[in-house]
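Take a look at the structure below.
Readers should treat all values here as calculations from the given coordinates under stated rules, not as data from a laboratory. Keep in mind the model is a prediction, meaning the values are calculated, not measured. Here the Cβ is made from the backbone with ideal geometry for all residues, glycine too, and neighbour counts use every protein chain on show.
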Amino acid sequence: MISFSVAMEPDKGIGIRGSLPWHLKEELQLFKSNTLYKNIVMGQTTYDNLPRKLKDRYITVVSIDPEYKAEDVEVENDLISFLKRHENDETEYIICGGASIYRQAYPYCKKAYVSFVKEPYETDTRFECFDLDDWNIVKEVNYPDFVYRELERKE
Ligand SMILES: NC(=O)c1ccc[n+]([C@@H]2O[C@H](COP(=O)([O-])OP(=O)(O)OC[C@H]3O[C@@H](n4cnc5c(N)ncnc54)[C@H](OP(=O)(O)O)[C@@H]3O)[C@@H](O)[C@H]2O)c1
């Protein structure tokens, strides 16, 4: 099963200059608890810009570069064949961005962990194709700076 985890501001902005536009401690803690000891998948740009290593997660980095290597991660050169290979697995693979990976993976995702950041931020990267109408909300928690929702794709 393929799912995704994202934080986005009201205009679907998710990043600026290769990083997150905000620093929301509770959101980072939520990301950690949702992904710990799970399989996570992220684009090379996102992975290379992480402020620190993500421990205790099985990480796949998607890169078009056949020479790309990084410590303690699997590298996948073809995202679409990865998605096709795993979409019907019982094991969950959580797509963790960035924009180009979300866009390509979106049709394959059956579940989502989304933090809706309340304030608008300046961004240069958006999750354009995300549409809340595609999803049923199965869990909702209100935090001071964001609303966290777990979503399941409508049949
Ligand atoms: N708010 C959030 O929750 C969140 C989460 C994650 C990331 N972000 C933000 O998103 C931004 C980064 O997004 P991005 O779109 O620039 O980069 P990205 O999605 O992280 O990485 C793109 C990388 O994946 C490669 N790639 C793309 N499609 C591929 C495919 N089908 N097969 C193999 N490799 C493929 C690209 O190669 P090419 O360059 O050759 O196409 C590039 O190296 C940052 O600002 C980051 O902070 C936000």
Among TYR108, TYR102, the single one that is touching a helix residue (DSSP H, G or I) at 6+ places or on another chain (Cβ under 6 Å) and either within 14 Å of the ligand (Cβ to nearest atom) or of a type outside the set (A, V, I, L, M, F, W, C) (or both) is TYR108
Report every pair of residues separated by at least 6 positions or lying on different chains whose Cβ atoms are under 6 Å apart, first residue within the range 131-150 and closer than 15 Å to SER3 by Cβ, second among the hydroxyl-bearing types (Ser, Thr, Tyr) and surrounded by 11 or more Cβ atoms within 10 Å (Cβ to Cβ). TYR148/SER115; GLU150/TYR113
Filtering the range 101-121 for residues that are charged (D, E, K, R) and within 13 Å of LEU79 (Cα to Cα) leaves a count of 1
Restricting attention to the range 78-95, does a residue exist that is out of contact with any Phe, Trp or Tyr (no Cβ under 6 Å at 6 or more places or on another chain) and closer than 30 Å to PRO120 by Cα? yes
First in the range 67-89 and touching a residue at least 24 places away in the same chain (Cβ under 8 Å), second anywhere and within 12 Å of the ligand (Cβ to nearest atom) and of a type in the set (D, E, K, R), Cβ under 8 Å, 6 or more apart: PHE82/GLU76
Matching residues in the range 142-155 (under 23 Å from PRO21 (Cβ atoms) and exposed (fewer than 12 other Cβ atoms within 10 Å of the Cβ)) number 2
Looking only at the range 1-11, which residues are surrounded by 14 or more Cβ atoms within 10 Å (Cβ to Cβ) and more than 13 Å from the chain's Cα centre (by Cα)? MET1, GLU9
Which condition from (1) surrounded by 11 or more Cβ atoms within 10 Å (Cβ to Cβ); (2) outside any helix (DSSP H, G or I); (3) of a type in the set (D, E, K, R) is the one that ARG85 breaks? (2)
Mind checking which residues of the range 117-145 are touching a Phe, Trp or Tyr at 6+ places or on another chain (Cβ under 6 Å) and part of a strand (DSSP E or B)? VAL117, VAL141
